[in-house]
Amino acid sequence: MHINLNEMPVDYKKYTFRKALFIISSFIFLVFVFIVSISVGAVNISFADVIRTLLFQSQSKRFDLIIWNIRLPQALTAVTAGAALSISGLIMQAILNNPLGSPFTLGISHAASFGAALSVILFKTGSIQSKGNIQILNHYLTTGSAFFFCILTAFIILIISKIKKMSSEVMVLAGVALGSLFTAATMFLQYFATDVQLAAMVFWTFGDTARASWKELLIMILVTLTALIFFFYNSWNYNAMQSGDDNAKSLGVNTELIRIISMLAATLVTSVVVAFLGIIGFIGLVCPHMVKRIIGDDHRYLVFASAIAGAVLLLSADTLARTVLLPHVLPVAVITSFLGAPVFIYLLIKGYRK
Amino acid sequence: MMLSVKNLSFKYKRNKVLNNISFEVDKKEIVSILGPNGAGKSTLIKCINRILNYKEGTIQVDNENIRLLSQNKIAKNIGYVPQRAESCKLTVFDAILLGRKPHIKFKAGDKDLKIVYSVMKNLNLEKLSLRYVEELSGGEMQKVSIARALVQDPKIILMDEPTNNLDLKNQQEILNLISDIAIDHELAIIISVHDINTALRYSNKIIFLKNGRIYKQITPDEVSSKIIEDVYEVKVNIHEFKDYHHIIPV
Ligand SMILES: Nc1ncnc2c1ncn2[C@@H]1O[C@H](COP(=O)(O)OP(=O)(O)O)[C@@H](O)[C@H]1O
Ligand SMILES: [Mg+2]
């Protein structure tokens with residue numbers, strides 16, 4: 001056998017180029033959805049006016065107010081949260097080598113919600129605003145508490161999967177059990193809650209993107225971007241782990257370390273999003289699957305593609321939630337559950353088998 | 001010596017699977033590991049590139065103690081072909097490209113792509129290049145695993161039952177390939193096999209494992225019906241045909 005270094009695999013180069021093209025075009029689509037999302041609502045604003053306002057060319061005081069104070073932060077929140085939940089799901093699927101992993105199906109979202117609610121009761125970190133919205137007073141304490149319970153759940157999942165190689169079904173059942181446990185614990189807290197605190201409980205069970213302030217948004221963006229870069233940097237490792245731990249180790253991957261650090265990162269991202277917005281289900285499960293259908297299991301592309309798909313899906317769902325029952329506004333979690341649950345059942349029935 | 005294993009013992013939790021194993025393999029050599037199911041063949045192979053972390057004994061690759069090497073450094077020296085590869089939705093090209101991972105910092109360069117392409121052509125895999133691994137047959141999958149180990153550019157290749165589940169033609173093809181690469185690339189190759197006749201035909205040395213111990217280390221022409229009967233507990237006859245010994249159960 002002779003290794004000849006003259007020939008370039010042209011077909012493969014074309015193939016990777018097509019994947020890159022797919023990512024670029026979906027990003028352009030995201031920008032389009034973003035502008036649509038900002039333009040529609042109780043007051044419709046033309047695309048041109050949206051774009052001009054975003055480029056700091058003020059069109060009218062009223063538009064400035066609507067766009068800069070309401071619609072832009074909400075759209076950015078949807079984009080960030082969608083990307084965050086989607087990449088968390090993707091990475092959980094990769095490191096558990098299990099196609100049904102995601103923050104929601106593993107009960108990690110519920111744990112975060114419980115942690116945030118607990119901090120409101122214990123440390124009085126929430127207060128009610130005149131509009132009836134809950135305002136988080138201490139971000140670090142609230143997310144910290146959410147993160148703590150997330151980690152706890154994540155480690156339980158990791159330990160179970162280490163002791164016994166879990167089938168997908170068993171993992172989902174374990175997730176459902178953990179999820180119900182935390183939901184029950186949240187309900188238990190309600191007995192000790194004041195009216196304000198009670199409102200806060202409901203806050204976390206139905207995720208909504210309208211809640212985030214600019215400060216919360218900034219924290220979310222920072223955490224999500226860091227995780228995105230970290231996951232992208234490790235994409236070769238995740239690819240190797242798709243063919244089993246033994247294989248990955250033989251290719252030089254420190255599987256235990258990668259698994260724990262990646263799980264921590266995915267959990268941190270989830271807990272920040274859930275602490276600020278509440279539980280938004282199914283994004284982390286559905287988006288990576290949609291993308292995998294198109295570009296396969298290659299994490300060098302999947303990380304960014306999933307982030308974009310998550311952003312597009314949550315932003316579209318959010319826009320729908322704001323406009324479908326005008327003048328009433330639904331929490332976006334209602335829409336994602338209506339969309340996500342059928343896909344989840346579909347995956348359970350056929351699509352996910354490796 | 002390319003590989004030397006000294007006094008290796010290994011246990012999973014409590015049950016001791018390998019007991020005081022010692023042997024050596026030189027470059028261009030093919031060593032077969034034989035033994036009944038559960039004898040510890042896979043376990044031994046996984047200890048050699050530290051997929052399993054052994055506590056007792058020393059393993060040296062090209063005179064370096066692998067316990068002192070990082071997992072990535074080991075991967076540069078030792079390729080591994082698993083007993084059963086898990087399928088996934090990576091293309092054949094990408095699955096083989098993974099073998100370059102120990103050498104790649106972050107992005108695969110043109111050189112890596114060229115190496116992969118060349119090895120693929122040598123194994124007649126280029127037509128499958130953009131197919132997903134999960135759509136391959138057992139034989140094709142095995143070739144992909146071997147190609148991956150080859151692009152790793154190692155000094156040693158470990159193969160766990162590389163001919164299992166293959167039809168006669170594929171067995172033949174893979175075994176000839178293994179013989180060729182051992183010589184051409186000056187590799188030390190360790191394979192575990194079930195078929196004794198295959199081992200007699202293709203290897204330079206045969207190690208019989210029984211209950212986690214080395215029962216005997218022989219060259220193919222030293223085989224006797226007593227050894228086979230002791231290891232496998234079946235009665236056999238040995239025939240000589242065209243310079244090779246052949247084992248036939250009675
Ligand atoms: N992960 C494991 N945990 C505990 N025991 C194991 C594990 N893998 C293999 N064994 C046991 O170790 C022994 C040797 O297994 P193995 O090396 O796979 O044998 P072989 O490859 O020769 O058939 C068997 O008794 C098997 O049950
Ligand atoms: Mg075995």
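Brief remarks follow.
- Verdict on B:ILE59 being touching a residue at least 24 places away in the same chain (Cβ under 8 Å) and out of contact with any Cys (no Cβ under 9 Å at 6 or more places or on another chain): no
- Among residues of region A:245-266 being crowded, with 18+ Cβ neighbours inside 10 Å and in contact (Cβ under 8 Å) with a residue 60 or more places away in the chain, the one that is nearest to the other protein chains (Cβ to nearest Cβ) is A:ILE258.
Residues checked against (1) among the aromatic types (Phe, Trp, Tyr); (2) more than 14 Å from chain B (Cβ to nearest Cβ):
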position: A:TYR12; (1), (2): yes, no
position: A:ALA20; (1), (2): no, no
position: A:SER26; (1), (2): no, yes
position: A:PHE32; (1), (2): yes, yes
position: A:ILE35; (1), (2): no, yes
position: A:ALA42; (1), (2): no, yes
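A quick yes/no check of all residues on (1) on the phi < 0 side of the Ramachandran plot; (2) at pLDDT below 85; (3) buried (at least 16 other Cβ atoms within 10 Å of the Cβ):
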| position | (1), (2), (3) |
| --- | --- |
| A:THR183 | yes, no, yes |
| A:GLN190 | yes, yes, no |
| A:ASP195 | yes, yes, no |
| A:GLY207 | yes, yes, yes |
| A:ILE219 | yes, no, yes |
| A:VAL223 | yes, no, yes |
| A:ALA227 | yes, no, yes |
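- For region A:269-317, the set of residues classified as on the phi > 0 side of the Ramachandran plot and surrounded by fewer than 24 Cβ atoms within 10 Å (Cβ to Cβ) consists of A:GLY296 only.
- Looking at region A:268-354, the helices (runs of 4 or more DSSP H) lying wholly inside it that each contain 2 or more residues that are of a type in the set (Ser, Thr, Tyr) sit at A:299-323, A:332-346.
- Pairs with Cβ under 8 Å, 6+ apart, first in region A:1-22 and closer than 18 Å to B:ASP153 by Cα, second among the β-branched types (Val, Ile, Thr): A:MET1/B:VAL119; A:MET1/B:ILE181; A:ILE3/B:ILE115; A:ILE3/B:VAL119; A:LEU5/B:ILE115
- Hits in region B:66-88 - residues which are in contact (Cβ under 8 Å) with a residue 40 or more places away in the chain, more than 7 Å from chain A (Cβ to nearest Cβ) and in a helix (DSSP H, G or I): B:LYS76, B:ASN77
- Of all residues in region B:182-226 being in contact with a helix residue (DSSP H, G or I) (Cβ under 6 Å, 6 or more places away or on another chain), among the hydroxyl-bearing types (Ser, Thr, Tyr) and open to solvent by 20 Å² or more (accessible area, probe 1.4 Å), the one that is farthest from ligand 2 (Cβ to nearest atom): B:TYR202
- When region B:137-165 is limited to residues that are within 11 Å of chain A (Cβ to nearest Cβ) and of a type in the set (Asp, Glu), the one that is farthest from ligand 2 (Cβ to nearest atom) turns out to be B:ASP153.
- For region B:153-184, a residue qualifies if it is of a type in the set (Asp, Glu) and without any contact (Cβ under 8 Å) to a residue 40 or more places away in the chain, and the qualifying residues are B:ASP167, B:GLU173, B:ASP180, B:ASP184.
Yes/no matrix, rows are residues, columns are (1) of a type outside the set (S, T, N, Q); (2) at pLDDT 90 or above:
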{"position": "B:ASN164", "(1), (2)": "no, no"}
{"position": "B:LEU168", "(1), (2)": "yes, no"}
{"position": "B:LEU175", "(1), (2)": "yes, yes"}
{"position": "B:SER179", "(1), (2)": "no, yes"}
{"position": "B:GLU186", "(1), (2)": "yes, yes"}
{"position": "B:VAL193", "(1), (2)": "yes, yes"}
{"position": "B:LYS205", "(1), (2)": "yes, yes"}
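- Sole residue being within 16 Å of ligand 1 (Cβ to nearest atom), modelled with pLDDT under 95 and surrounded by fewer than 16 Cβ atoms within 10 Å (Cβ to Cβ), chosen from B:ASN72, B:ASN37: B:ASN37
- Whichever residue in region B:228-250 is in contact with a strand residue (DSSP E or B) (Cβ under 7 Å, 6 or more places away or on another chain) and within 28 Å of B:LEU177 (Cβ to Cβ) and, among such residues, is surrounded by the fewest Cβ atoms within 10 Å (Cβ to Cβ): B:HIS239
- The residues of region B:105-144 that are outside any helix (DSSP H, G or I) and surrounded by 14 or more Cβ atoms within 10 Å (Cβ to Cβ), listed by number, are B:ALA108, B:LEU123, B:LEU125, B:SER129, B:LEU130, B:ARG131, B:TYR132, B:LEU136.
- Filtering region B:42-59 to residues that are open to solvent by less than 10 Å² (accessible area, probe 1.4 Å) and not β-branched (Val, Ile, Thr) leaves B:LEU44, B:CYS47, B:ASN49, B:TYR54.
- Flag for B:ILE51 being within 16 Å of ligand 2 (Cβ to nearest atom) and part of a loop (DSSP other than H, G, I, E, B): yes
- Verdict on B:GLN152 being under 25 Å from B:LEU136 (Cα atoms), away from ligand 1 (no atom under 16 Å from the Cβ) and surrounded by fewer than 18 Cβ atoms within 10 Å (Cβ to Cβ): no
- Yes/no for B:LYS121 being over 21 Å from the mean Cα position of the chain (by Cα), of a type in the set (Lys, Arg) and within 20 Å of B:ILE183 (Cα to Cα): yes
- For beta carbons closer than 8 Å, sequence separation of 6+ or different chains, a first residue in region A:306-321 that is closer than 11 Å to A:ALA84 by Cα and a second that is open to solvent by 20 Å² or more (accessible area, probe 1.4 Å), the qualifying pairs are A:ALA307/A:LEU228; A:ILE308/A:ILE23; A:ILE308/A:SER26; A:ILE308/A:PHE27; A:ALA309/A:SER26; A:ALA309/A:MET290; A:ALA311/A:VAL79; A:LEU314/A:VAL79.
The values are calculated or read from the model by the stated rules, or taken from the named source; none is laboratory data. Just so it is clear, the structure is predicted and the values come from calculations on it, not from any experiment. Here Cβ is always computed from backbone atoms with ideal geometry, including for glycine, and neighbour counts include all displayed protein chains. In case anyone asks, the SASA skips ligands and DNA or RNA and just uses the protein heavy atoms, side chains included. Shrake-Rupley method; radii C 1.70, N 1.55, O 1.52, S 1.80 Å.
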